[in-house]
Amino acid sequence: MKVRAAVLERTGASLEVVSLDLAPPGPAEVLVRLEASGVCHSDFNAIDGTAETRCPAVLGHEGAGVVEAIGPGVTRVVVGDHVALSWAPSCGMCGECLRDLPQLCSTAWPAMETGGLMDGTTRLSRDGEPVFHYSFLSTFAEACVVPEKSCVPIPKDVPFDVAGLVGCAVTTGVGAVWRTAGVRPGDRVAIIGCGGVGLSALMAALAVGAEPVIAVDAAPAKLETARSFGASEGVLWAGSAEATAEAIREVSGGGVDYAIEATGRPEAMAAAFLATRARGAAVLIGIPRADATLTLPALSIPRMERRVLGSIYGSSRPERDFGTTLALYRSGRLPLDRLVSHRLSLDEVGRGFELMRSGDALRVVLDLNT
Ligand SMILES: [Zn+2]
Ligand SMILES: [Zn+2]
């Protein structure tokens, strides 16, 4: 079939919406008619080369839609199901999956780097030449073929824009708090970087009864937004890791149990570490450049039992956690719809990135069913 999709021809180019060929789903694959896709910083990292990506590629990895066809052997979904898409399918059989770390699946990650699906081949093409998938999903398109294990069925009353965000930003943020850190009631939490991921972490910390929950950002407007989501304090980035950490330590009464870092900047990671109290942990979820390094004062690690916790995709298991997150959204305890600040069409995807980079947007969502 033919689909319209936003293609990155090469690193540094702007996205072009063109018509591509999409092959039918193979074994254990699913054709999804897309309804909504979030615009994520990781897509921009692919565009500007911060993260190496095989081109030409259809970007987008935060989507939701309706199952239109299933390939041989698919059991997880049926035609007509509404699904949120996970960019971290897992094989269930490798060493990491058997250690209950599906987010680190050693089958899926190498496959993702090929720009193909789980078998390393692509379903997208143009004039017979391959076009590559991005993170198994390629949601900047009218439809996509994805691994069955990327499909998580959702209730039909959940809006597609919210379901799409659960596929990346929300799960990355709430999972870091609930799964990686295991925040408990009364824990002191700081969130550094109040974009879509950071605000998701903020909502998750509030939902489990963390107190205080301190928002940290370089933009005063982001702190205002964080306060409107329920943050108890706002700390403006003070120009250095040390000064910012000192401000967090002061408003938290001596340091936080968990400092969630959502920007990927090494100086913000250092601030997260320095803001922790004894036995506290910096939880690092922002993706830095591949060559970035992080320098920390070593003595306080044994002396204060400080920790650094890495978190990819919120250490989550999408099959379990998307449903939990959406149930809390439906009961009003996670107001995820408040993250959606702009709705654009597929053709406006370039403007979506402008909005994201300007800091004026919380989350931009493409409405793909127009
Ligand atoms: Zn993302
Ligand atoms: Zn695996």
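Scaled against the 2.2 N^0.38 Å expected of a compact globular protein of N residues, the Cα radius of gyration of the chain reads 0.96.
Dividing the mean sequence gap of close Cα pairs (under 8 Å, 6+ apart) by how many residues the chain holds gives a relative contact order of 17 percent.
Taking the Cα centre of the chain as origin and charging only Cβ (+1 Lys, Arg; -1 Asp, Glu), how large is the dipole, in debye to the nearest 20? Walk me through the numbers on the way to the answer.
Details: 33 positive and 42 negative charges, 188 e Å.
That gives the chain a dipole magnitude of about 900 debye.
When you filter the chymotrypsin sites (Phe, Trp or Tyr not before Pro) in the range 121-215 for DSSP loop state and at most 14 other Cβ atoms inside 10 Å of their Cβ, nothing is left. By how many degrees, 0 to 90 and rounded to 10, does the Cα axis of helix 220-229 deviate from the longest principal axis of the chain? Long axis of 220-229 versus the principal axis of the chain: about 80 degrees.
Within the shell defined by Cβ-Cβ distances under 9 Å, the residues around residue 317 carry a net charge of -1, with Lys and Arg each +1 and Asp and Glu each -1.
Under 5 Å from the amide H of residue 238 lie the amide H atoms of 244, each residue being 5 or more positions distant or on a separate chain, with H modelled from the backbone and absent for Pro and chain starts.
Measuring between their Cα centroids, the range 319-359 and the range 141-161 lie 14 Å from each other.
Loop-located trypsin sites (Lys or Arg not before Pro) in the range 84-193 (DSSP state not H, G, I, E or B) with no more than 16 neighbouring Cβ atoms inside 10 Å: 99, 156. Using the Karplus relation 6.51 cos²θ - 1.76 cosθ + 1.60 with θ = phi - 60°, the per-residue 3J(HN,Hα) values for the range 352-360 come to x, 5, 4, 4, 4, 6, 6, x, 7 Hz, with x marking Gly and Pro.
Rounded to the nearest Hz, the phi-derived 3J(HN,Hα) couplings of the range 326-342 under the Karplus curve 6.51 cos²θ - 1.76 cosθ + 1.60 (θ = phi - 60°) are 5, 5, 6, 5, 5, 8, x, 8, 10, x, 5, 5, 5, 6, 7, 9, 9, where x marks glycine and proline. In the chain, the longest principal axis of the Cα atoms and the axis of helix 196-207 are about 60 degrees apart.
Using the per-residue mean of other Cβ atoms lying within 10 Å as a proxy for protection, in what order, highest first, do the peptides 165-177, 254-266 fall?
On the way: 165-177: 30.2, 254-266: 24.4.
In decreasing order of mean packing, 165-177, 254-266 become 165-177, 254-266.
The string of couplings for the range 33-39 from the Karplus curve (6.51, -1.76, 1.60, θ = phi - 60°) is 7, 7, 10, 8, 9, x, 9 Hz, one whole number per residue in order, with x for Gly and Pro.
Restricting to DSSP loop positions (anything but H, G, I, E, B) with no more than 14 other Cβ atoms inside 10 Å of their own Cβ, which trypsin sites (Lys or Arg not before Pro) remain in the range 288-370? Intermediate results must be reported in sequence, preceding the final value.
Values: sites: 289, 303, 306, 307, 320, 330, 333, 338, 343, 351, 357, 363; in loops: 289, 306, 333.
Listed in order of number, the matching sites are 289, 333.
Amide H contacts of residue 345 (H built 1.01 Å from N, in plane; Pro and chain starts excluded): 367 sit under 5 Å, all sequence-distant by 5 or more or on other chains. Residues 187, 367, 157, ranked from the fewest to the most other C-beta atoms within 10 Å, line up as 157, 367, 187.
Spin-label model, residue 324/residue 279: points 7 Å from Cα along the beta carbon direction are separated by 2.2 nm. Ordered by the count of other Cβ atoms within 10 Å of each Cβ, fewest first, 90, 138, 37, 331 give 331, 90, 138, 37. Fewest-first ordering of 7, 58, 251 by other beta carbons within 10 Å of each residue's beta carbon gives 251, 7, 58.
At 222 nm, what value in deg cm²/dmol follows for the chain if DSSP H runs of at least 4 each add -39500 (n - 2.57) and the sum is divided by all its residues, to the nearest 500?
Details: 12 runs with 102 residues, N = 370.
That calculation yields -7500 deg cm²/dmol at 222 nm.
FYI, it's all coordinate maths here, none of it is from the lab. This structure is a prediction, so every number in the text was calculated from the model and none was measured. A quick note on method: Cβ atoms are made from the backbone with ideal geometry, for glycine too, and the neighbour counts reach across all protein chains shown.
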